[in-house]
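Encoded as structure tokens, the structure appears first; notes follow it.
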Amino acid sequence: MGETKCGVHTEMVSGRRVAERVVFGGFPLAVLFATIVASIHAGSFAVDFDSVLPEIRGLAHGTSPYVAGRLVGGGHYLWSIFAGLILSPLAWLPHPLGDSVFTLVQVVSLGASLWFLDVRDWRVYGVVLAWPATVNSVQTANLTLPTCALLALAWHERDRSRCGVWAGIAVALKLFAWPMLVWICATRRWKALGWALLVQVVGILVALPYISLSHYIDFERGVADAFQRDSLTLQAVLEEHGLSHRLAFEITLLLGLVVLALGRRDLGACAVAALILTPVAWLHYFDLLLMPLGVWRSAFWIWLAPLLLVIAPGEGNGAPWQAIGTLSIAAAAVVLGRSFRTVSSAQPDSAISPVGAA
């Protein structure tokens, strides 16, 4: 009788493991594969990377990629010169090869991000791979996941001054990550801050042959004016519901700065502040949610919440209910992720920052 019960229990455990592998391993891979195949047939594979290839190649000839007249009409370049120069080797590869390599970079960046955040539950890797934000990042091939990987690496090496190098490169690639520099400063990592600021200086210096600092600031303002109302941001939602542009901006700015001030010694909170304060955000920006969930060691079931972002549009902010729903899901994931945490035996909770702030 005892042997029979033991056999049944073993079969149940084995069945559960198989089910987990199918749900958290096979299904995400199938979704990603189907999305890539569909995007190839639709001509939208690595569309973000493809759209900036001419401008990246033009950098070799000293041509500025920033043309304000292209912002509304398409074919615009919104990446930094620093990012363009780093990716220039890929831009000169044969078209399908360059797209494939940078798409592979997206997947590797995702895995590296979770690994550097000390996430060891393999199911989380499958879940995050299936996030709509991740699928969008991989399909379009942009800078969000590489930026996440660099920020996660900075967190992983937070006890070393070179963490400032990785955080600095992340900000130089994608400016919306700038609140991470506040975290470095607030936790008194002064050497790391010095390295981070040095990287910013390098980013500015390599851009100067192409555009002056004042013209770049004007260009960024033009980007905000052109895309702000079509973004998945709190400001855009408030404006759609009747608030003036100024009032919506002030409310969003106040909320973002409050989150940043209260959580300045918490890299997860700084990542949340970055999402609130960015003037332009699309679906793939919400891959940044892996930062707070990873830093806070959120319970496994919390990682399932961003799957609901399937309601978010792949481009723009869609209908009002889609924008509201997207922000609500992201906010719920943040609140729940901060409230329900699983402490890893490999990473004690006291290691969140040297000053004891979580």
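Coordinate-derived values only; no laboratory data. The model shown is predicted, which means the values in this text are computed figures rather than measured ones. In this analysis, Cβ positions are derived from the backbone assuming ideal geometry, glycine residues included, and neighbour counts consider all displayed protein chains.
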*Nearest-0.05 FRET efficiency for residue 328 and residue 221, computed from C-beta distance (R0 30 Å)*: 0.55
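Once you have a ≥ b ≥ c as the square roots of the Cα gyration tensor eigenvalues for segment 10-352, tell me rounded if a/c is under 1.5, and otherwise prolate or oblate according to whether a/b is larger than b/c.
rounded
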*Suppose R0 equals 45 Å; then what is the FRET efficiency for residue 301 and residue 212 from their Cβ-Cβ distance, rounded to the nearest 0.05?*
0.35
*asked:* Using the crude model of +1 on Lys and Arg Cβ and -1 on Asp and Glu Cβ, and no other charge, please compute the dipole size for the chain relative to its Cα centre, in debye to 20.
replied: 940 debye
_Two-site label geometry, residue 335 and residue 61: point separation in nm, points 7 Å out along Cα→Cβ_ = 5.4 nm
*What's the extension gain from residue 101 to residue 261 if we count 0.36 nm per residue and subtract their Cα-Cα distance?*
53.7 nm
*Would you mind checking which residues have amide H under 5 Å from residue 298's amide H? H placed 1.01 Å from N; only 5 or more apart, or other chain.*
342
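Return the FRET efficiency for the residue pair residue 21, residue 161: r is the Cβ-Cβ distance, R0 is 35 Å, and the value is rounded to the nearest 0.05.
0.30
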_Derived scalar couplings ³J(HN,Hα) [segment 280-290; Karplus, 6.51 cos²θ - 1.76 cosθ + 1.60; whole Hz; x for Gly, Pro]_ = 10, 8, 10, 3, 5, 4, 6, 4, 5, 4, 5
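Determine the calculated [θ] at 222 nm for the chain from helices alone, applying -39500 (n - 2.57) to every DSSP H run no shorter than 4 residues and normalising by the residue count; nearest 500 deg cm²/dmol.
That calculation yields -20500 deg cm²/dmol at 222 nm.
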*Given a cut-off of under 8 Å on Cα pairs at least six residues apart, what relative contact order in percent is computed for the chain?*
17 percent
*HN-Hα J couplings of segment 256-272 from phi, Karplus 6.51/-1.76/1.60, θ = phi - 60°, integer Hz, Gly and Pro as x?*
x, 5, 5, 4, 5, 5, 6, x, 4, 9, 10, 4, x, 5, 5, 5, 5
